[in-house]
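The values are calculated or read from the model by the stated rules, or taken from the named source; none is laboratory data. Bear in mind that the values here come from a model prediction, so they are computed numbers and not experimental data. So basically every Cβ, Gly included, is an ideal-geometry build from the backbone, and we count neighbours across all protein chains shown. Heads up: the accessible areas ignore ligands, DNA and RNA and are worked out on the full protein's heavy atoms, side chains in. Shrake-Rupley method; radii C 1.70, N 1.55, O 1.52, S 1.80 Å.
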Amino acid sequence: MPANDAAIRVEPGRPVPLGVEEGQDGFNFAVFSRHAGRIELLIFDEADSESPVAAFDLQSAAHRTGDVWHAFVTGLRYGQAYAYRVWGPWAPEHGHRFDSSRILIDPRALAVVLPQEVGPARPPAADERTRTLSGGRALLIDRRFDWQGTTPARTPWSDTVIYETHVRGLTMHPSSNVAHPGTFLGLVEKIPYFLELGVTALELMPVQAFDDLRALRVDPASGVPLRNFWGYDTVAFFAPHGTYSTRGAPGAEVREFKTMVRELHRNGIEVILDIVLSHTAEGGEAGPLFNFRGFDNAIYYMLQEDKAAYRNYSGCGNTFNCNHPVVREFIIDCLRYWVADMHVDGFRFDLASILGRDEQGRLVSNPPLLERIADDPILRHVKLIAEAWDMGGAYQVGSFPGQRWAEWNAHFRDDVRRFWRGDAGMTGALAKRLCGSADLYQHHGKEPVNSVNFAACHDGFTLRDVVSYAHKHNWENGENGLDGTNDDSSANYGFEGVTCDAKIQQIRLRQSKNMLAVLLFSRGVPMLLGGDEFCRTQNGNNNPYCQDNILSWYDWRLLERNREMHRFVCELIALRKRHPVLSRDAFYTDAEIEWFGAAGEAPDWNGPARAFGCVIKPAGTAGIQEPAATLCLLVNGASAPVEFTLPPAPAARWRMAVDTGRVAPGEIWPADDKVPVPDDARHGLAELSLALLLSA
């Protein structure tokens, strides 16, 4: 097809770099496909144009170098769109699923417009005229941006406090009072809030382009199709999600994402992306066709022995073939782009154990991709966090390959919840988590900062729901309540869900404070689930991946209703920062921490006693100016009050810092309040509470 616009011309172009690169007079296009027989580059005048203004056949030798198809096109402008058509065999028994009737999105597109409906790949039609040219489009964008001299904070791991949140969910509720709800710019408006809270990094749930309109199920009550809210099935790994922009000029999401990062960096806050490299949005054999399956299914995905079916270690229908050399380079280039061009500070890798599987799905001891990511010169200083398990049975918490990788420590979440719920035999487990989980990490040569600690995350209940529901309530997801975990290690304290009973409300608030205090007092890297600091609830739904509504949106009215909780969390974070002994990137030695039972005896780690304490001594470390305070932590997980015999205070007397058993505002004291304990020899602790005492 010749170009309708006489100014548009095509030349052979170059095979590198892959994707699109702007040149002096035009754009170079390069795309990989080993098994295609023919590729056509389509140029559209606008993103929503039905017909291309030009189509260039790249079949000739001048447009192919090895497995890369390329062209240089002049006469183009920003905002125009492009796509590809690919011809090749329909031979599922050999792993090939080419469909020339569909147009494909460049896997390396920097901005995309997704189609409203996407069907699966299918065998080629007998009559080529039946093709519809349906599919998504990639956009030509201006990559220039004024960073205004801002630079990454590069906060040390030991000083990092992470806030996990969802870009849309954070500000979509009308109560957020932002000018641009549900967007990157809406998040910028909340920067003063993050600074007040004291967090140092935002961990953003997926922001790479995903198909949020795909209706997998319907709401059982209304019949309305549910939306993909979380975004854990990526379409375009290099492109920010378009719905998170204010919908200005085509590709505005790129500029607005950069604006968000710039303003967060201006305020010393890092940006960590939750990135999903384990699988794609194309699903299983009957899943939609966006790009990878149509360009080279046999390369991009792990296939079963018969080649016709996918290995499914992700639970989402397919598994990205991460350790194939071509896919490995794709992943490295993607991470480099987000760091070098978009200025992000780190990544949390969803189902990261998949990144350590070979092409047959076997876990390998030294996975080439994980080594490459850790040692890549561009990625050398970014934060790397692994969700160290997958749906194929791998569980590598504490043993994920490589020293640079931090890990989501699910043992921390489970042990903290079970201790405070009253499960038997959890006293010793809680002490291990307070100390940085040396039992998991030390024998692998790792440090406490390899453990990302959390009491709640997007998977499962919010912290408020952990203390309000004994069972999940996922009926509105349309899966008959079968989705989501069946064990959140939660309790309702006498009533399932919302109640006006003041006694139940009091114990729920205290238990929330207990778990967050343990989180901020433990060595390792604390991660706070967004909204837990003001008691955000999902009404007992522990898997709201498809709930793009008030169930998932942050209701900021709760901030005013739960100021007590918010103040408590702000003071906890500030206290942690004042006492770096709590966050040092080394495990405690016997000289630094001394344990005792309530009466001063040796602790009963595995027995029925649920009260224990410890004295944490400041230990000087070269280059660290640390307060001279000694800390005394008291924990009572029993259902009755306990009187502790206090160890002698090393200086003057013990003074109060935290006591969750007391009524606010007397449950936590700011730094300038010097309130001595009533009795320097004994301290009574209410049931299900903890206290932190200081001596300086």
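Things to note:
- Span-like helix ranges in the chain, DSSP H, alpha carbon extent 20 angstrom or more, Kyte mean at least 0.5: 325-340
- Taking only alpha carbon atoms, the chain gives an Rg to Rh ratio of 1.01, where Rh is the Kirkwood radius.
- What a 1.4 Å probe finds exposed on the chain is 52% carbon and sulfur by accessible area, rounded to a whole percent.
- Surrounding net charge for A574, when Lys and Arg each add one and Asp and Glu each subtract one, Cβ distance under 11 Å: +2
- Only helices enter the 222 nm calculation for the chain: every DSSP H run of n ≥ 4 contributes -39,500 (n - 2.57), and dividing by all residues gives -5500 deg cm²/dmol, rounded to 500.
- Between G428, A221, W69, the Cα set farthest toward the positive side of the dipole of the chain (charges on each charged residue's Cβ, about the Cα centre) is that of G428.
- Reported to the nearest whole Å, the Cα centre-to-centre distance from the range 546-570 to the range 325-389 is 34.
- In loop segments of the range 260-365 as defined by DSSP, the GluC sites (Glu not before Pro) with at most 12 further C-beta atoms inside 10 Å of their C-beta are E305.
- The magnitude of the dipole of the chain, with charges of +1 and -1 set on the Cβ of Lys/Arg and Asp/Glu and taken from the Cα centre, is near 740 debye.
- Debye-formula intensities of the range 368-493, expressed as log10 I(q)/I(0) at q = 0.12, 0.16, 0.21 Å⁻¹, are -0.56, -0.89, -1.22 (one equal scatterer per alpha-carbon, no solvent).
- Summing charges over neighbours of R97, with a neighbour being any other residue whose Cβ is under 12 Å away from its Cβ, gives -1 when K and R count +1 and D and E count -1.
- Alpha-carbon radius of gyration plus Dmax, which is the widest Cα pair, for the range 548-650 in Å: 18.5, 55
- Coil-residue GluC sites (Glu not before Pro) of the range 17-97, DSSP, other Cβ within 10 Å capped at 14: E46, E50
- Longest exposed-site-free window of the chain, the sites being chymotrypsin sites (Phe, Trp or Tyr not before Pro) in a DSSP loop that have at most 16 other C-beta atoms within 10 Å: 148-494
- Taking N as its residue count, the alpha carbon Rg of the range 282-348 over 2.2 N^0.38 Å: 1.25
- Enclosing the Cα atoms of the range 332-441 in their convex hull gives a volume equal to 125 cubic angstrom per residue.
- Over 32 Å between alpha carbons, listed pairs K258/K446; K307/K472; K190/K577: K258/K446; K307/K472
- For the range 219-366, the square roots of the Cα gyration tensor eigenvalues, ordered a ≥ b ≥ c, give a/c of at least 1.5 with a/b no greater than b/c, which places it in the oblate category.
- Relative to the Cα centre, the charge distribution of the range 305-401, modelled as +1 at Lys and Arg Cβ and -1 at Asp and Glu Cβ, gives a dipole magnitude of about 100 debye.
- Taking all protein chains into account, the per residue accessible area for the range 188-292 stands at 27 Å² (1.4 Å probe).
- A 1.4 Å probe run over the range 317-412, with the rest of the protein chains in place, finds 31 Å² accessible per residue.
- GluC sites (Glu not before Pro) lying in DSSP loop within the range 107-214, provided at most 11 other Cβ fall within 10 Å: E117
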